[in-house]
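The values are calculated or read from the model by the stated rules, or taken from the named source; none is laboratory data. Predicted model, so just to flag it, every value in this text is computed and none were measured. FYI the Cβ positions are ideal-geometry reconstructions off the backbone, even for glycines, and counts take in every protein chain you see. Only protein heavy atoms, including side chains, enter the accessible area calculation; ligands, DNA and RNA are left aside. Shrake-Rupley method; radii C 1.70, N 1.55, O 1.52, S 1.80 Å.
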Amino acid sequence: MTRVVVKKEQSGNSINPPRLKVLMLSWEFPPNIVGGLSNHVYGLSKHLAQIEAEVHVITACVLGLPDYERVDDVHIHRVKPLNEHDDHFLSWIGGLNLAIVYKGIELGTQINFTVIHAHDWLVGAAATILKGSLKIPLLTTIHATETGRNNGIHNEMQQFIHDQENQLIKESDQMIVCSDYMQQELVSTFAISDHKIVIIPNGIEQSKKKIERLPDLFPDRTNKKLIFSIGRIVKEKGFETIIEVASIAKENRLDVFFVIAGKGPMLNHYRQQIQDRKLEEQISFIGYITDDEKNALLFKSDMNVFPSLYEPFGIVALESMVHGKPTIVSNVGGLRGIVKHKVSGLLMEPGNAVNLLEQICFLLKNPKIAQEIGEKGQQLVKTLYGWNRVASETKRLMEDLNLLVRIKTKEHEK
């Protein structure tokens, strides 16, 4: 990231400002990274700015960073939730939304925004209020749903989040999803027309840094094939399937070692499983890693595996493929739309350890085919999932949406 820190009052002053002015709302933004949403918002806002859009992102404050700065020509406004020390997550989110509303209204007095772009229900309340206050269209990207994450709604908190999603979808003038799978999920879950939904895939940007060696994050396993995975450590990512494969690998004396990176509520639970089952020589959960460490592991591994039980898109699969590595993904959600089996990657049955092992063994026994699969996957990603293409499609959608709303307003005034 290229940072330029300036005074707040400069944020609205520019010579020949671009026509498209975007107010983007996201509860997370780098370096505050909880899941894939953070990097998505960063990549999209950065590349929108590169094609002459003026982008203002309102997000949660980060200790040690200024309330306002410019990052790669994107205006970043960080706000403190009104109850920033509240341990109850939903209350904290409510306070964050109020702070976003205050900042959005303040910016709206200085800048004639074209569109609001909200990311998921976590900023839905603020997006809805700002739409009415600023009188501009609301575009929302739905990255995942509570129903999909939990295979249904099972408790009060999940019901609350589902209701928030439903309200945001109703208030949105247009929605973006990342895959055909997510479009179908929204149509079936919220009973809305697919005409209100536009499919624009996530973008991927290859690291330009030279990767010299693996990070020193785990014991030396140079005598074994390295199989890497990464994601938020939650049940929906399917890491239990990898633990089962590691157990089978131990029984059959296979020379493979699994490395799983990421943080999340089930990290200690999985680590305890490995200790109880004495699988330390087969698998390691290494916790949080930096982007540089992630890219090194993706690049230096023999193959990468993403065994999700639910995955709206699967950006990490693209991050693997862009390095030219053979990639195994679950035949589920958006992942199955990315990979063509034994052509650009391999598909596995979600939750099936035996089937995952079969895919791993196929790659190990056929190194030439594995290399070809990696190369074809890399070509696919570079062709279809570049950020320039994603940002251009999003900008065009924003301009069309603004024009459509203006036409409808004029017709109503008549």
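Each row is one residue, and each column tells you yes or no for (1) farther than 30 Å from Glu54 by Cβ; (2) in contact (Cβ under 8 Å) with a residue 40 or more places away in the chain; (3) not basic (Lys, Arg).
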residue: Ile328; (1), (2), (3): yes, no, yes
residue: Ser344; (1), (2), (3): yes, no, yes
residue: Gly351; (1), (2), (3): yes, yes, yes
residue: Leu356; (1), (2), (3): yes, yes, yes
residue: Asn366; (1), (2), (3): yes, no, yes
residue: Leu384; (1), (2), (3): no, yes, yes
residue: Trp387; (1), (2), (3): no, yes, yes
residue: Ser392; (1), (2), (3): no, yes, yes
residue: Asn402; (1), (2), (3): no, yes, yes
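Give the residues of region 326-340 that are surrounded by fewer than 24 Cβ atoms within 10 Å (Cβ to Cβ) and modelled with pLDDT of 85 or more, sorted by residue number.
Hits for region 326-340 are Asn331, Val332, Lys340.
Which of the residues spanning region 86-100 are touching a residue at least 12 places away in the same chain (Cβ under 8 Å) and either over 18 Å from Pro31 (Cβ atoms) or open to solvent by 50 Å² or more (accessible area, probe 1.4 Å) (or both)?
Leu90, Ile93, Gly94, Gly95, Asn97, Leu98, Ala99, Ile100
Which residue is farthest from Ala317 (Cα to Cα), if the candidates are limited to region 162-183 and must be in contact with an Asp or Glu (Cβ under 8 Å, 6 or more places away or on another chain) and open to solvent by 10 Å² or more (accessible area, probe 1.4 Å)?
Top of the filtered list is His162.
Looking at (1) over 18 Å from the mean Cα position of the chain (by Cα); (2) aromatic (Phe, Trp, Tyr); (3) closer than 23 Å to Asn352 by Cβ, which is the only condition Phe299 fails?
The number of the failed condition is (3).
Taking Ala60 as meeting all but one of (1) touching a Lys or Arg at 6+ places or on another chain (Cβ under 8 Å); (2) aliphatic (A, V, I, L, M); (3) open to solvent by 20 Å² or more (accessible area, probe 1.4 Å), write down the number of the exception.
Evaluating Ala60 over (1) touching a Lys or Arg at 6+ places or on another chain (Cβ under 8 Å); (2) aliphatic (A, V, I, L, M); (3) open to solvent by 20 Å² or more (accessible area, probe 1.4 Å) leaves (3) as the failure.
Go through (1) open to solvent by less than 20 Å² (accessible area, probe 1.4 Å); (2) over 28 Å from the mean Cα position of the chain (by Cα) and name the single condition Glu251 misses.
Failed condition: (1).
Restricting to region 222-247, count the residues that are farther than 17 Å from Leu298 by Cα, of a type in the set (Val, Ile, Thr) and either surrounded by 22 or more Cβ atoms within 10 Å (Cβ to Cβ) or in contact with a Leu (Cβ under 6 Å, 6 or more places away or on another chain) (or both).
3
State whether the residues of region 385-393 include one that is under 30 Å from Arg19 (Cα atoms) and open to solvent by 60 Å² or more (accessible area, probe 1.4 Å).
yes
Among the residues of region 68-85, is any open to solvent by 10 Å² or more (accessible area, probe 1.4 Å), over 22 Å from Lys46 (Cβ atoms) and part of a helix (DSSP H, G or I)?
no
What's the number of the condition Lys365 fails, among (1) touching a helix residue (DSSP H, G or I) at 6+ places or on another chain (Cβ under 7 Å); (2) farther than 26 Å from His143 by Cβ; (3) surrounded by fewer than 14 Cβ atoms within 10 Å (Cβ to Cβ)?
(1)
If you go through region 119-145 one residue at a time, how many are of a type in the set (Asp, Glu) and open to solvent by 20 Å² or more (accessible area, probe 1.4 Å)?
The number of residues fulfilling the criteria is 0.
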